[in-house]
1. Which condition number in (1) more than 6 Å from DNA strand C (Cβ to nearest atom); (2) at pLDDT 95 or above is the one that A:Pro275 fails?
2. Here's a check for you: in the range A:276-306, which residue that is more than 15 Å from A:Val264 (Cα to Cα) and hydrophobic (A, V, I, L, M, F, W, C) is surrounded by the most Cβ atoms within 10 Å (Cβ to Cβ)?
3. Under 8 Å by Cβ, and 6 or more places apart or on different chains, what pairs join a residue from the range A:152-176 that is over 19 Å from A:Pro127 (Cβ atoms) with one that is at pLDDT below 95 and among the acidic types (Asp, Glu)?
4. Going through the range A:126-137 one residue at a time, which ones are closer than 19 Å to A:Arg266 by Cα and crowded, with 20+ Cβ neighbours inside 10 Å?
5. Name the strands (runs of 3 or more DSSP E) wholly inside the range A:227-312 in which the number of residues that are over 20 Å from A:His146 (Cα atoms) is 3 or more.
6. Looking at this structure, is A:Arg247 at pLDDT 95 or above and near DNA strand B (Cβ under 9 Å from one of its atoms)?
7. Specify which of the listed residues (A:Ile270, A:Ile226) is more than 13 Å from DNA strand B (Cβ to nearest atom) and within 15 Å of A:Leu123 (Cα to Cα).
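The values are calculated or read from the model by the stated rules, or taken from the named source; none is laboratory data. Just so it is clear, the model here is predicted, and its values are computed rather than measured. We place every Cβ from the backbone using ideal geometry, glycine too, and count neighbours over all the protein chains shown.
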Amino acid sequence: MGCTAHSPLYITHLHTDARKTWLDDMEDIKPPRSLLGLPEFSWPGACLPCYDKLAVDENPWVLRMTGAHDSSALSRTPEPSPPATSQAPAEIEGQVEDSSLEQVQTMVVGEVLKDIDTACKLLNIAPDPLDWSCVHVQKWLLWTEHLYRLPHVSTMFRELTGKDLCSMTEADFKQHSSQHGDMLYAHLDIWRSTAAMKERCPTGDSKSADDDSWSDVMSNYPSQPIHLWQFLRDLLLKPHNYSRCIRWLNKEKGIFKIEDSAHVARLWGIRKNRPAMNYDKLSRSIRQYYKKGIIRKPDVSRRLVYQFVNPV
DNA sequence: AATCAGGACTACC
DNA sequence: GGTAGTCCTGATT
C-alpha cells in the first residue's frame, strides 16, 4: 500500500453508478482500448493523459497517470473537479470515500504493473524505456502497433534508443507521426511513470497484486529464448489482454483456440525478431510438439484449436 | 483459400 | 543435439 499512497494515479471525477458505467463503457474506449498495448484491458476509465480529451466525455471514470518525470506528479495531486455534468452530480463525488479511491488506485496500479510485466516478458524487453536499445524500441513500437491496430508507425522512429525516445516531447512524437504520435507519447509515458514509480517503491508493495513479480521480469532480462508453447501459454494466461487473438476453449483440459492466426504469428515474430513469421510457420512449430507430447490436436479436431497435453 | 500433417533442410544456441 | 524457421507436397475443411 505504501506505494499506492504515492501513486501518480488519481481520479478526476466519478459517475453515479460507477460499476455499471464502467462496464457499459468498455466498448466505447477508442482509441486505444487500454493502457498498455493490451486491447482489452479491463479498466476502461483509466486513460492516458493525452486521451483525456478523447475519453473523458464518454468515460466518467477517468484515472490519470501523470508523467513521473515530473517529480510533482509523484505526490497525490487532487485535480480541480471538472464542471459537474449530468453524468457526475457533485453530491456523488462527496459520497465516495477515500478508501474506495485507494482501492481503485491500488487495483489500477496493480493492473498496470501486471500488464507491463506481461508485455516485458512477451517482448523480452526491460520495463524501463531508458534501458531500451534501438531494437527494443522497435519491438515495443511494433507490438503497440499490432495491439492498437495502428498503421505502420515504427518505421518513423528508426535508430532511436529508449533514451532518445524519452527525451522527445509530445510535439516531437507528433512530428514523427502526426496521426498517432500523441498516442505513442502517452503510452510511453505510462511505462516511464511506472518505471519511476517502481524505483520509488523498490521493495515490492506494488507487486503484491500478483505472482508475476517485477523481479521476475528483471531477472528475465535479458532473458533466454522462449519456447513457442510458453509464449502461447503466456498469451492465454492474460485473457483480458489477448483473448481477441487466442483464448481458452477449455482451460482445465488445456484446449485453446487461435482466433486470429495472423496476429498471433505476428506477435511471435516480433518476440523472436522474425519479421517473416506467419501462421504457416508457426503452426509447423506447433506440430513439432505433437511428437514431444507438449501440444496435440484435441480428440475432436477443429481448425485452429489445439490442446496442451499437460494443462496448467 | 485457409488450415493441417509431416518431410527435408538449415541456422542457431 | 534440441529447437525452431523455412520451404515444400499433398490432403482436408
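1. Among (1) more than 6 Å from DNA strand C (Cβ to nearest atom); (2) at pLDDT 95 or above, the lone unmet condition for A:Pro275 is (2).
2. Selected residue: A:Ile295.
3. Every condition considered, the pairs that remain are A:His152/A:Glu145; A:Val153/A:Glu145; A:Ser154/A:Glu145; A:Glu170/A:Asp182; A:Phe173/A:Asp182; A:Lys174/A:Asp182.
4. Initially, the range A:126-137 is screened for residues closer than 19 Å to A:Arg266 by Cα, giving A:135-137.
Those that are closer than 19 Å to A:Arg266 by Cα and crowded, with 20+ Cβ neighbours inside 10 Å: A:His136, A:Val137.
5. Working: elements: A:246-250, A:255-258, A:305-308.
Once the strands (runs of 3 or more DSSP E) in the range A:227-312 are filtered for at least 3 residues that are over 20 Å from A:His146 (Cα atoms), what remains is A:246-250, A:305-308.
6. On the way: at pLDDT 95 or above: yes; near DNA strand B (Cβ under 9 Å from one of its atoms): no.
No: the conditions fail for A:Arg247.
7. Working: A:Ile226 fails: more than 13 Å from DNA strand B (Cβ to nearest atom).
None of the other options fit; the residue is A:Ile270.
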